[in-house]
Amino acid sequence: MISVRPATLDDSERIADIHVKTWQAAYAGVMPQDFLDRLDLGARTAMWRRAIDGRTPPGGIFLAEVDSEVV
């Protein structure tokens, strides 16, 4: 089952993990590998926490779930 819902602060780390892994896969061979290797999950989690915690444009942040797993 696929669903879309507003993101919550509890989703921050999972979203950050997807964000980092997506960049590392998408930009491999395009951006310097050392840059991609240094992408920091903690920093990205903090960034997403700030974004979800009301510092976003109107409409907020939504995420997709497949069988209750954030994807």
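The values are calculated or read from the model by the stated rules, or taken from the named source; none is laboratory data. This one's a predicted model, so the numbers in the text were calculated from it and none came from an experiment. In this analysis, Cβ positions are derived from the backbone assuming ideal geometry, glycine residues included, and neighbour counts consider all displayed protein chains. To get the accessible areas, we keep the full protein, side chains included, count just its heavy atoms, and leave off ligands, DNA and RNA. Shrake-Rupley method; radii C 1.70, N 1.55, O 1.52, S 1.80 Å.
State all residues of the range 46-71 that are assigned to a helix (DSSP H, G or I), touching a residue at least 24 places away in the same chain (Cβ under 8 Å) and within 28 Å of Met1 (Cα to Cα); if no residue qualifies, say none. Within the range 46-71, Trp48, Arg49, Ile52 qualify. Of the numbered criteria (1) closer than 20 Å to Ile2 by Cα; (2) assigned to a loop (DSSP other than H, G, I, E, B), the one Ile15 fails is (2).
Scanning the range 18-40 for residues that are over 22 Å from Asp53 (Cβ atoms), outside any helix (DSSP H, G or I) and not charged (D, E, K, R) yields a total of 6. Looking for something open to solvent by less than 90 Å² (accessible area, probe 1.4 Å), in contact (Cβ under 8 Å) with a residue 60 or more places away in the chain and of a type in the set (Ser, Thr, Tyr) - is there at least one such residue anywhere in the range 36-45? No; the residues of the range 36-45 include none that is open to solvent by less than 90 Å² (accessible area, probe 1.4 Å), in contact (Cβ under 8 Å) with a residue 60 or more places away in the chain and of a type in the set (Ser, Thr, Tyr).
Residues in the range 2-35 that are open to solvent by 90 Å² or more (accessible area, probe 1.4 Å) and either of a type in the set (Ser, Thr, Tyr) or under 28 Å from Asp67 (Cα atoms) (or both): Ile2, Val4, Asp10, Glu13, Lys21.
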